[in-house]
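Visitor: Could you have a look at this structure, given as structure tokens, before my questions?
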Amino acid sequence: MFRGGSKTLRGGFETLKGSLKREMRAIVGERNLLDSREDLLVYGYDATPRVGGVPDAIVLPRCREEVAAVLRLASQEGLPVIPRGAGSGLSGGSVPDKGGLVMTWARMARILELDTVNLTAIIEPGVVTADLHKEVEKLGLYYPPDPGSMSVSTLGGNVGENAGGPHCLKYGVTRDYVLGLEAVLPDGEILELGGKVMKNVAGYDLCRLLVGSEGTLAVVTKVWLRLIPKPETKRTMLLHFRDVVEAAETGRAILEARTIPSALEILDKTTIRCVEQYARIGLDTGAEAILLVEVDGAREGVQREASILEQVGRTSGAYDFRVARDEKEAEELFAARRSALAALSRARPTTILEDVTVPRSEAGNLVKAIQEISKSCGVRIGTFGHLGDGNLHPTLLVDERNEEEMSRAQAAREQIFAAALGMGGTISGEHGIGLAKRAYLGKQFSPQVLQTMRRVKAAFDPNSILNPTKIFEPSGDLKWESRASSGPLVGPHKGKSAE
């Protein structure tokens, strides 16, 4: 039906009428196959501006057997399947840009087990990240990865993107906590990888390969996660600076002092003002930059590290040093930091959020480069991010209705990517490639590396039905066509942006 694009959508699921539609409904149930115009529109985008599409249908499987059956049927019909968590991604990874079947985990959202002896959790992919945090912390345990969207993002989506967050400086990213996966291949075969063991070097590590693969290799149906004891105490501090580069260099000095904060975040002046206007928590809007720093662990060690941080900060030029009075204020500060993107989005009609990462030693140089690019391109940029990881989020504030301004923004994006790569960095630290950055992957990797990646994709998904347009530029062998799709793709020289 979809092979060769011989039949195309002519409005809301027409391609799947008849036997295929009946077979899909027989697998997942009447209520779990959506095809109304309203549903198709709702599932046609994620949190990435200027990227969209319209799926042919949305399927909500309830178990791995239903996932497997749907994938077998889709594979037989050449129907593309786009795995989707909560749609909070920032690279267009779950956008049905060429139509197809969106598969969401909304019906697979159970915490199956919390093991306080092995310090593990077993969850379904639809569990919201913040919900897992709350449940494990009731037991005195801790799951560190905490992306900015954790109040809505799902752990399945986190696994797909290898999500990070502020506390990954000390504790690591999602991949560091995934012990095992149950996943379904495009032909419906089920893989069981890893489990509760802390050490496992038997064969190739397919589990770690799937983490961060953006739903292009298999569909995750169950996850085994590593937990750790909840830190005894923590201390959260704000350091204020009159120069943003000085603030960035202070981050380097903090790490050189042989302290590893649990979080080391930076907000520049533009971000500070937008966040304060949005959150009203008393940030000093006269500061050129703020460092938000947290240390945690045993009480004595936290006190010692906090003293070192204050000394380093003042020596490095911080004109004000504040410690959160209590846990409530500390949570407010981190909530304000997590609101940075939402706050910046109020400044202009379009926000283009980037995700470049450099070695920690180069973070100050990257901040300086972003400032110079902002001036030379005439584009307002608010910069915030995980300074301790060298992972910054320069956010271009523009109006997509102004094509001349968007052209300047596109030039700024390309210069930011070039600057990061020139410092030994990457074009994406935690948001993934998706649609938004696939045109630039060749700037980071050689043709040989890209070809090896494509071979991995072909080994898992020979018919290219799983998220087929993501990560790599299409090679011209797409086997379907759908008039459901209307969203623009992003190219390096089109004056468009996808973030």
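Values quoted throughout were computed directly from the atomic coordinates according to the rules given, and no laboratory measurement underlies them. Nothing here was measured: the structure is a model prediction, and the numbers come from that model. In this analysis, Cβ positions are derived from the backbone assuming ideal geometry, glycine residues included, and neighbour counts consider all displayed protein chains.
Visitor: What is the gain in length, in nm to one decimal, between ALA298 and ALA130 on full extension, counting 0.36 nm per residue of separation less the C-alpha to C-alpha distance? Don't skip to the end; give the middle numbers.
Guide: Details: separation 168, 0.36 × 168 = 60.48 nm, distance 2.40 nm.
Working it through step by step, the gained length comes to 58.1 nm.
Visitor: I need to check one value: relative contact order of the chain, counting alpha carbon pairs closer than 8 Å and at least 6 residues apart, in percent. It would help to have the intermediate numbers written out before the result.
Guide: Working: 1138 pairs, mean separation 97.0, N = 499.
Normalised by residue count, the contact order of the chain is 19 percent.
Visitor: Applying 1/(1 + (r/R0)^6) with R0 = 56 Å to the Cβ-Cβ distance of SER446 and ALA26, what FRET efficiency is obtained, to the nearest 0.05? Let's see the in-between values first.
Guide: Details: r = 47 Å, r/R0 = 0.84.
Step by step, r from the Cβ atoms, then E = 0.75.
Visitor: DSSP loop (so not H, G, I, E, B), at most 10 other Cβ within 10 Å: list which trypsin sites (Lys or Arg not before Pro) in the range 127-185 pass both filters.
Guide: Working: sites: LYS134, LYS138, LYS170, ARG175; in loops: none.
When the trypsin sites (Lys or Arg not before Pro) of the range 127-185 are filtered for loop state and at most 10 Cβ neighbours within 10 Å, nothing remains.
Visitor: Next up: Through the Karplus equation 6.51 cos²θ - 1.76 cosθ + 1.60, θ set to phi - 60°, convert the phi angles of the range 411-419 into ³J(HN,Hα) values in whole Hz; use x for Gly and Pro.
Guide: 4, 5, 4, 5, 5, 5, 4, 4, 4
Visitor: Can you grab the distance from the C-alpha centre of the range 84-159 to the C-alpha centre of the range 372-396, Å, no decimals?
Guide: So the two Cα centres are separated by 28 Å.
Visitor: So which of LYS98/LYS443; LYS234/LYS375; LYS196/LYS328; LYS21/LYS98; LYS170/LYS375; LYS98/LYS269 end up more than 31 Å apart, counting from Cα to Cα? Can you show the working numbers first?
Guide: On the way: LYS98/LYS443 25 Å; LYS234/LYS375 39 Å; LYS196/LYS328 34 Å; LYS21/LYS98 19 Å; LYS170/LYS375 34 Å; LYS98/LYS269 40 Å.
Violating the 31 Å Cα-Cα cut-off are LYS234/LYS375; LYS196/LYS328; LYS170/LYS375; LYS98/LYS269.
Visitor: Please sort by residue number the trypsin sites (Lys or Arg not before Pro) in the range 367-433 whose DSSP state is loop and whose Cβ has at most 12 other Cβ atoms within 10 Å. Each step should come with its number before you reach the end.
Guide: Details: sites: LYS368, LYS375, ARG380, ARG401, ARG408, ARG413; in loops: ARG401.
Within the range 367-433, the qualifying trypsin sites (Lys or Arg not before Pro) (loop, at most 12 other Cβ atoms within 10 Å) are ARG401.
Visitor: Mind sorting GLU362, GLU294 by how few other Cβ atoms lie within 10 Å of their own Cβ, fewest first?
Guide: Working: GLU362 20, GLU294 25.
Least to most surrounded, the residues fall as GLU362, GLU294.
Visitor: From the Cα gyration tensor of the range 233-422, with a ≥ b ≥ c the square roots of its eigenvalues, which class applies: rounded if a/c is under 1.5, or else prolate if a/b is larger than b/c, or else oblate?
Guide: Details: a/c = 2.33, a/b = 1.61, b/c = 1.45.
It is prolate, given that a/c is not under 1.5 and a/b is the larger ratio.
Visitor: Separate question: Take every Cα pair under 8 Å in the range 233-422 that's 6+ residues apart, average their separations, divide by the length, and report that relative contact order as a whole percent. Don't skip to the end; give the middle numbers.
Guide: Details: 355 pairs, mean separation 52.3, N = 190.
Relative contact order, the range 233-422: 28 percent.
Visitor: Something else about it: Label 7 Å along Cα→Cβ of ARG346; the range 135-175 residues with amide nitrogen under 20 Å?
Guide: 148-152
Visitor: On a full-extension model of 0.36 nm per residue, what is the gain between SER19 and ARG258, subtracting their alpha-carbon distance, rounded to one decimal in nm?
Guide: Values: separation 239, 0.36 × 239 = 86.04 nm, distance 6.46 nm.
Extra length available between SER19 and ARG258 comes to 79.6 nm.
Visitor: Restricting the count to DSSP beta bridges whose residues both fall in the range 24-113, what percent are antiparallel, rounded to a multiple of 5? Present the calculation step by step, with values, prior to reporting the outcome.
Guide: Working: 2 of 10 bridges.
That works out to approximately 20 percent antiparallel.
Visitor: Then there is this: Nearest 0.05, what FRET efficiency do GLU38 and TYR204 give at R0 = 41 Å with Cβ-Cβ as r?
Guide: Details: r = 44 Å, r/R0 = 1.06.
The value I calculate is 0.40.
Visitor: For the chain, report the translational diffusion coefficient in µm²/s to the nearest whole number, using Stokes-Einstein at 20 °C, 1.002 mPa s, and a Kirkwood Rh over Cα pairs. Don't jump to the answer; show the numbers that get you there.
Guide: Values: Rh = 23.4 Å.
Here the translational diffusion coefficient equals 91 µm²/s.
Visitor: Rounded, prolate or oblate, given the Cα gyration tensor of the range 14-137, with a/c below 1.5 counting as rounded? It would help to have the intermediate numbers written out before the result.
Guide: Numbers: a/c = 2.53, a/b = 1.48, b/c = 1.71.
In terms of gyration-tensor shape, oblate.
Visitor: Still on this structure, please answer the following. Enter the Cα centre distance for the pair the range 413-450 and the range 225-275, rounded to the nearest angstrom.
Guide: First find each Cα centre; the distance between them is then 26 Å.
Visitor: With a Förster radius of 30 Å, plug the Cβ-Cβ distance of ALA459 and ILE111 into 1/(1 + (r/R0)^6) and report the FRET value to the nearest 0.05.
Guide: Numbers: r = 33 Å, r/R0 = 1.08.
Here the calculated transfer efficiency is 0.40.
Visitor: Considering Cα pairs under 8 angstrom that are at least six residues apart, work out the relative contact order of the range 111-229 and quote it in whole percent. Each step should come with its number before you reach the end.
Guide: Working: 226 pairs, mean separation 37.5, N = 119.
After rounding, I find 31 percent.
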